[in-house]
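The structure appears below as structure tokens.
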Amino acid sequence: MGEKQRAYLSLGSNMGNRALVLQKAVLSIHRKAGRVVKVSSIYKSPAMGFEGEDFLNACIAIDTQNPPEQLLGILLQIEKDFGRERSSTKGYSSRTLDLDIIFYTNEIIRNETLSIPHPSMHERNFVLKPLADIAPQFYHPILQKDIRNLLQQCKDRNNLEKTNHKLFRNREELFGQLQFIAIEGNIGAGKTTMTKMIAKDFNAKLVLERFADNPFLPKFYNDQARYAFPLEMSFLADRYQQFTDDTSQFDLFKSFMVSDYDIFKSLIFAKITLQEEEFNLYRKVFNFMYKEVKKPEIYLYLYQNTERLLENIKKRGRDYEQNISPSYLEKINQGYMDFIKGHPNQNSLILDMSNQDFVHNPADYESVLEALEHNILSFNI
């Protein structure tokens, strides 16, 4: 691969959730073909040359190290991933995703597989209009006119309507539309590791629970009845203080905030560990505090089966955790499930990680990111 080259691509869809298809295609192109540097608005246009649903169209600019033929192969595979099968027969038809290379720098290529610049682009306002959004002064190397002039001279009079949909260039931009993601899970589920990975990869402000500094925690695991109430009250006070501090101060250099806990875990654990009278008192204090804290826009719960949890607990080797019983872990998991079921209006996402290793297997980590991506897009498109 050589130096990065600027390429301009056209995207279209007239099947399924068209805006969602275009956005997922942009993210896929960013990961597989080249860095997406510019995105146009999304436009709606009627089907040309056949009867079908209206298209949504957009253009993007990418910086790629892939030569034109290799770039085309990547785009064709992305189309296939979205259910598109190109036909050798002539004529147009509906399609989930249509990707075309409009320009590849100033190169002129004409062969059996590639025609760059795209031979019909100057005749289609659904290509020229979004292209003018991102490259109005780019000169067509054959026609020797810039995109603005080509658009003005275009004889295509089909109605073109600008939509309110917005495309994000990459996952960092997409995740940055949120303010706060909470990643939760049982003891040993991997929530802290996952939180650190996402914060690092997507420029997020990292908020970690300060459980290791709690002096009551080792004592609690040795004598739960005696230390349960002071432990839970100290956790609540610390979590409340940390939450209010972190959510009231926005970091201008970070895209969003990601935490390895949500303050509601205080009530979940307290219900398991406290006696009824203690819990009733605790809940009164908690309810007062809970009204004041920021709620996550995505509540991600990493589920692990009990056997895997015990393996992880043993592996990380914290002395005060080694006597945790399977029944205690099962009660905690049930507490989380009850919380999620009891808050149907909360945007909760449950992922079963029992047979996955997102630390050492990139595909497992990617599956989590894809789930987050789909969740965000489902609520925004």
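The values are calculated or read from the model by the stated rules, or taken from the named source; none is laboratory data. Since the structure is predicted, the reported quantities are computational estimates derived from the model, not experimental observations. Positions of Cβ are backbone-derived with ideal geometry, glycine not excepted, and every protein chain shown enters the neighbour counts.
The table for this structure:
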quantity: Some residue of the range 62-69 being crowded, with 21+ Cβ neighbours inside 10 Å, in contact with a Ser or Thr (Cβ under 8 Å, 6 or more places away or on another chain), at pLDDT 95 or above and not assigned by TED's automatic domain parsing to the domain that holds residue 374; calculated: no
quantity: Answer from 182, 228, 189, 132 - the residue that is farther than 30 Å from residue 281 by Cα and small (Gly, Ala, Ser); calculated: 132
quantity: Of the criteria (1) buried (at least 18 other Cβ atoms within 10 Å of the Cβ); (2) free of Cβ contacts under 8 Å to residues at least 40 places away in the same chain, which one residue 372 fails; calculated: (2)
quantity: Candidate set from the range 354-377 (those that are among the β-branched types (Val, Ile, Thr) and closer than 18 Å to residue 172 by Cα); member that is farthest from the chain's Cα centre (by Cα); calculated: 368
quantity: Meets criteria (closer than 20 Å to residue 54 by Cα and surrounded by fewer than 18 Cβ atoms within 10 Å (Cβ to Cβ)) for residue 113; calculated: no
quantity: Test: residue in the range 176-186 that is assigned by TED's automatic domain parsing to the domain that holds residue 319, loosely packed, with under 14 Cβ neighbours inside 10 Å and in a loop (DSSP other than H, G, I, E, B); calculated: no
quantity: Condition broken by residue 78, with the remaining ones in (1) modelled with pLDDT under 95; (2) not in a loop (DSSP other than H, G, I, E, B) satisfied; calculated: (1)
quantity: Matching residues, the range 197-221, being closer than 26 Å to residue 369 by Cβ and in contact (Cβ under 8 Å) with a residue 60 or more places away in the chain; calculated: 197, 198
quantity: Residue that is modelled with pLDDT of 95 or more and not β-branched (Val, Ile, Thr), where the choices are 290, 328, 336; calculated: 336
quantity: Condition met for residue 86 (among the basic types (Lys, Arg), in contact with a Gly (Cβ under 9 Å, 6 or more places away or on another chain), at pLDDT below 95 and within 30 Å of residue 159 (Cβ to Cβ)); calculated: no
